[in-house]
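Read the structure below first, then the notes.
The values are calculated or read from the model by the stated rules, or taken from the named source; none is laboratory data. As the structure is a computational prediction, the values presented were derived from the model and not from experiment. Every residue, glycine as well, gets a Cβ built from its backbone with ideal geometry; the counts of neighbours run over all protein chains shown. The accessibility values were calculated without ligands, DNA or RNA, using every heavy atom of the protein model including side chains. Shrake-Rupley method; radii C 1.70, N 1.55, O 1.52, S 1.80 Å.
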Amino acid sequence: MSAPVTARIAEGVASIPAEQWDACAGDANPFVSHAFLSTLERSGSATAETGWQPLPIVIDDPCGAPAAIAPTYAKSHSQGEYVFDHAWAEAWERAGGRYYPKLQVAVPFTPVPGPRLLLRDPAPAPALIAGIEAVTDQNRLSSAHVTFLDEAQLPLFEQAGWLIRTGTQFHWYNEGYACFDDFLAALSSRKRKAIRKERERAREGLTFRHLTGAAISEAHWDAFWAFYQDTGSRKWGQPYLTRPFFSMLGAAMGDKVLLMLAERGGRPVAGALNLIGGDALYGRYWGCTEEVPFLHFELCYYQAIEAAIALRMARVEAGAQGEHKLARGYVPVATWSAHYLPDPNFRRAVAEYLERERAAVAHEQEFLGELTPFKRG
């Protein structure tokens, strides 16, 4: 009989030494790194006060160093997740239950697929899932949710009996292109001409800069903060991230940051923030102080494609939703989340809903796949 495994709850990401965290997280996905998650925490962006109380669940090896970590948060609301469960919360509370707090295994405010079980060795994976369940059960919480789960880890949650939910994003794939014109050559003539016209309109009178590392100054972050505030206030009512987050991000992992700016007469009028991963460029935030036709597409999609080709990245992941990305060469891909609902009646109702939703999502993805701009045959 194997020895029992004990999971513990750490007092935040910052309480775990960076080298121990990253030994589990690896270096392929920058969003699960200690630098990124601790910056969210230390900047006041993801804290108990903002409804994201960091409570990493950890399994230690016999020497006391983490062998497995789940980046877990106690959530007092369902904002900033991009996998919407508001209807579940309403149904649970109408039935007399208390939905919040719930457990969320995720990267706050970040709809980027990636590992959610950070494993120095695969062996502790089932025990880590059991640890998440135990924390949920022992604290009589309504549920635990693992969002934007890497597909490679999906079978672990299926085997544990969690409910699986699917969604759709749009990613661009590098088919060995040497330059942007190579990518355009793969498109139908009509789509190719449309993109060229969009780029001409967007670039008129503007210059573009790609900045990373020490080249990003506080003045650049001030400009981007203005862009981010404008977008955040329109989308969410108020921005999720604090101004210090951006400076701290640049200091902690500037070599992973790619800041794209559009300037008119030397003055930034729009910007897009990307993170550089092991094989992907991740588009995260964008904003502007001047409305320019097609500039959003130029900065967030076309400039990202050019950067990914130059960096020899396999793909660009440009964030959540956005069927308008199809015409720009981004294709529909499935995303995954896993959900643990201890109450059998609640679980049954959600399972029935998810079965219907999965069928609808699969049908939609098949339809969208026929709308890509690439040449046929």
Answer yes or no: is there a residue in the range 124-136 that is farther than 27 Å from N274 by Cα, open to solvent by 20 Å² or more (accessible area, probe 1.4 Å) and free of Cβ contacts under 8 Å to residues at least 24 places away in the same chain. no
How many residues are open to solvent by less than 10 Å² (accessible area, probe 1.4 Å), of a type in the set (A, V, I, L, M) and under 20 Å from the mean Cα position of the chain (by Cα) if we restrict to the range 58-100? 2
Please list, ordered by residue number, the strands (runs of 3 or more DSSP E) wholly in the range 33-90 having 1 or more residues that are of a type in the set (V, I, T). 57-60, 66-70, 72-75
Considering the range 360-377 alone, what residues qualify as being open to solvent by 50 Å² or more (accessible area, probe 1.4 Å) and assigned to a loop (DSSP other than H, G, I, E, B)? E370, L371, K375, R376, G377
Pick from the range 337-377 the residues that are among the polar types (S, T, N, Q) and touching a residue at least 12 places away in the same chain (Cβ under 8 Å): which of them is nearest to V112 (Cα to Cα)? S337
Assess whether H145 counts as being under 25 Å from L55 (Cβ atoms), modelled with pLDDT of 95 or more, surrounded by 13 or more Cβ atoms within 10 Å (Cβ to Cβ) and not β-branched (V, I, T). yes
All helices (runs of 4 or more DSSP H) inside the range 163-255 with 2 or more residues being surrounded by fewer than 17 Cβ atoms within 10 Å (Cβ to Cβ) and acidic (D, E): 180-185, 218-235
Look through P115, P108 and report the one residue that is open to solvent by 10 Å² or more (accessible area, probe 1.4 Å) and in contact (Cβ under 8 Å) with a residue 24 or more places away in the chain. P115
Checking G329 against (1) modelled with pLDDT of 95 or more; (2) open to solvent by 10 Å² or more (accessible area, probe 1.4 Å); (3) within 24 Å of the chain's Cα centre (by Cα), the condition it does not meet: (2)
For the list (1) closer than 23 Å to A252 by Cα; (2) open to solvent by less than 50 Å² (accessible area, probe 1.4 Å); (3) not in a helix (DSSP H, G or I), I need the number of the one condition that A307 fails. (3)
